[in-house]
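Any read-out appearing in this document is the output of simple, stated calculations on the displayed coordinates, not a laboratory observation. All of these numbers come straight from a predicted model, not from anything done at the bench. Because the Cβ atoms are built from the backbone with ideal geometry, glycine has one as well, and the counts that use them run over all protein chains shown.
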Amino acid sequence: MDDEFDRLFMSVVARLRSRVAVLVGSRPMADDLIQDVYVRLRGSEARWRRFVGHPNPYGYALATAVNLARARWRVEWRWVPFEEVMAPLSDGGMPAAESRQDLTHLLRSLTAKEAAVVVLVDLDGHTLDEAAALLGVHKGTAHRNRLRALAKLRTHFTEPALWALAPTG
């Protein structure tokens, strides 16, 4: 059964790492959080059985990562962050690095719940119902969090043409 857990976790870890990196803002922090997710899910028999038996293990692991990230943010919100230096990309693609940095900045302006819904619906392509189920909240709560997030994100753009983030329900 342990091998089954490891195989299943390794099958979702690449996708999970990319989404968590967007959520927390850096790859090293994402790697730390992924390790914490592994320890949390593997830590008790009940958790790893739920993970292995879950119909969407990626969603279950992502929800765990969001919960752990929120717990960290509650502790770290008073800390004064140092400027993070983005590691140079191997291809020297500054536009990609700048857009990733802009996305990270925008997501950090949201609450954890709002960012989680935006990541699931707008970046991962889940429906609002799926996102609500993955986050363990009612569809109306997820919809309200997404509307608030999109309203906050629109304040960052000065041109209405950039308001492509239209609420869907």
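For MET29, MET10, what's the fewest-to-most ordering of other Cβ within 10 Å of each Cβ?
Neighbour counts put them in this order, fewest first: MET10, MET29.
Evaluate the range 1-77: find the radius of gyration of its Cα atoms, find its Kirkwood radius, and give the ratio Rg to Rh.
Looking at the range 1-77, the ratio lands at 0.96.
Compare the peptides 141-150, 47-56 by average per-residue count of other Cβ atoms within 10 angstrom and give them in order, highest first.
By packing density, highest mean first, the sequence is 141-150, 47-56.
How would you rank ARG72, ARG7, going from fewest to most other Cβ atoms within 10 Å of each one's own Cβ?
ARG7, ARG72
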